[in-house]
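Chemist: Please see the structure below; I have some questions.
The values are calculated or read from the model by the stated rules, or taken from the named source; none is laboratory data. The structure displayed is predicted, hence computed values, not measured ones. Cβ placement follows ideal geometry from the backbone for every residue including glycine, while neighbour counts extend to all protein chains displayed.
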Amino acid sequence: MHEPEATPAVWWRRLSTESRVSVVGSVLIAVFLLIVSITIATKPSNDRAPTSVAVQLGLIVLVAVMTVASVRVASGAPRTTCLIVALIVSGPLVLASGWTADWTLSCVWAACVFLACGGVLGLIALSAVLTNLVLEVFSVPDWSVDTLSLLVTMPLLTVFAIYIPIRLAVVSDGLVVTREEVARLRVDEERYRISRDLHDILGRTLVAVSLREQAVLRLLELGSTDDATAQLRASSAIVAEGQATLRSLTHGPTSVDLHVELRSAQELCERVGIAWESHVDGVGDTETQHLAAAIVREAVTNMLKYSRPRRCWVRVSEDDETLELSIANDGCPVDPPTNTRGTGLRHLRARCEARGAVLEAGSPEPGTFRVLARFPVYSDRSGELT
């Protein structure tokens, strides 16, 4: 089974705001240059032969086709046969119309080729256009260095004005895909860890109970009821121990490092389009990090379940006596339903009280929700802010 290809709409939604601006700006530049080229090519002139006008109009059509194909290539689509044919045909047309065509048309062609092909082929195409422009200048008796500089510089600037923003959008899209892949790998790694621990815990418990039960059967056959009772009690203790270990595995925190949990929460928020702000100037001792990571995870989970946030901000500050953790978000309903109150925060509040910490949760102002925890500072530290 292979994954379905991403549609253009999905590709567009996945881009950040800056990348969308880059793509739209590049397309607008290309459209503007095409309009200028069409205007120049269709402008009546006694000095221009009809054949030259036809060549220029045909070249404009090819440039338009290449522009569309270039955007498709930039968005991840494979190079099409139409694009390759347009590249092959447009090269001789540019050289044929170079003595009468305006520099703008050649500039658009070079930009599109550079975008679509890149690498060596794009550089060769751009060099051919620039060479054609230089020869055109040298053919004029009263040519000047200023004219030559203008004809060489303007195509280069236009090419990079189109190429760089689109490449920026492509790289940004690739970073988003990579970030999603890393998040999936982390989920798979956590699933593997849980399955491994479950196998070890359940396997050990079941084997031990099975051995005890076999011993009970043999003792009952021999009439040793007291020894059988002792074996049953030992079996019950093994089951209780396995249940406690399993409960700690499924309900306990999966991360003891606050920085790792904050980084995971940031990646999750960025994937769903939530602006993330964080300021961390302390992490506390190992137990504090363990509990703070659980609070961050629960707060982010509740935020995604019960709110429609656009922004989430986290602040961790520490002084000589207290470490304070604050997680807040906007997008909260003004009148939240009463049946959405889960047990996660209540369990965390109990854990905080057992450690001498305080956990508060509420809306400091309409539309926002904040989870605030204050931990006592201990002398034993496992890490500092790097």
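Chemist: Residue check: is L219 at pLDDT 75 or above, closer than 26 Å to S195 by Cα and surrounded by 15 or more Cβ atoms within 10 Å (Cβ to Cβ)?
Modeler: Considered against the rule, which asks whether it is at pLDDT 75 or above, closer than 26 Å to S195 by Cα and surrounded by 15 or more Cβ atoms within 10 Å (Cβ to Cβ), L219 comes out as no.
Chemist: A further question follows. Mind telling me which of the residues P309, P376, P366 ends up being touching a helix residue (DSSP H, G or I) at 6+ places or on another chain (Cβ under 6 Å) and either modelled with pLDDT under 90 or over 29 Å from E180 (Cβ atoms) (or both)?
Modeler: Step by step, each of P309, P376, P366 is checked, and only P309 is touching a helix residue (DSSP H, G or I) at 6+ places or on another chain (Cβ under 6 Å) and either modelled with pLDDT under 90 or over 29 Å from E180 (Cβ atoms) (or both).
Chemist: Anything in segment 347-360 that is touching a residue at least 60 places away in the same chain (Cβ under 8 Å) and outside any helix (DSSP H, G or I)? List them, or say none.
Modeler: R355, A357, L359
Chemist: State whether the residues of segment 189-198 include one that is outside the structural domain of L348 (by TED's automatic domain parsing), farther than 22 Å from E298 by Cα and surrounded by 11 or more Cβ atoms within 10 Å (Cβ to Cβ).
Modeler: Yes: one or more hits.
Chemist: Just give me the residues in segment 279-310 being more than 12 Å from I327 (Cβ to Cβ) and charged (D, E, K, R), in sequence order.
Modeler: Passing the criteria: D281, D285, E287, K305, R308, R310.
For (1) in contact with a Pro (Cβ under 6 Å, 6 or more places away or on another chain); (2) surrounded by 15 or more Cβ atoms within 10 Å (Cβ to Cβ); (3) assigned to a helix (DSSP H, G or I), each residue gets a yes or a no:
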position: A265; (1), (2), (3): no, yes, yes
position: E270; (1), (2), (3): no, yes, yes
position: G273; (1), (2), (3): no, no, no
position: H279; (1), (2), (3): no, no, no
position: V283; (1), (2), (3): no, yes, no
position: T288; (1), (2), (3): no, yes, yes
position: A292; (1), (2), (3): no, yes, yes
position: K305; (1), (2), (3): no, no, yes
position: R308; (1), (2), (3): no, no, no
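Chemist: Here's a follow-up. Suppose we keep only residues that are of a type outside the set (D, E, K, R) and closer than 12 Å to I327 by Cβ within segment 354-363. Which one would you say is surrounded by the most Cβ atoms within 10 Å (Cβ to Cβ)?
Modeler: Checked segment 354-363; the qualifying residue surrounded by the most Cβ atoms within 10 Å (Cβ to Cβ) is L359.
Chemist: What's the number of the only condition in (1) surrounded by fewer than 14 Cβ atoms within 10 Å (Cβ to Cβ); (2) modelled with pLDDT of 75 or more; (3) of a type outside the set (K, R) that E261 fails to meet?
Modeler: (1)
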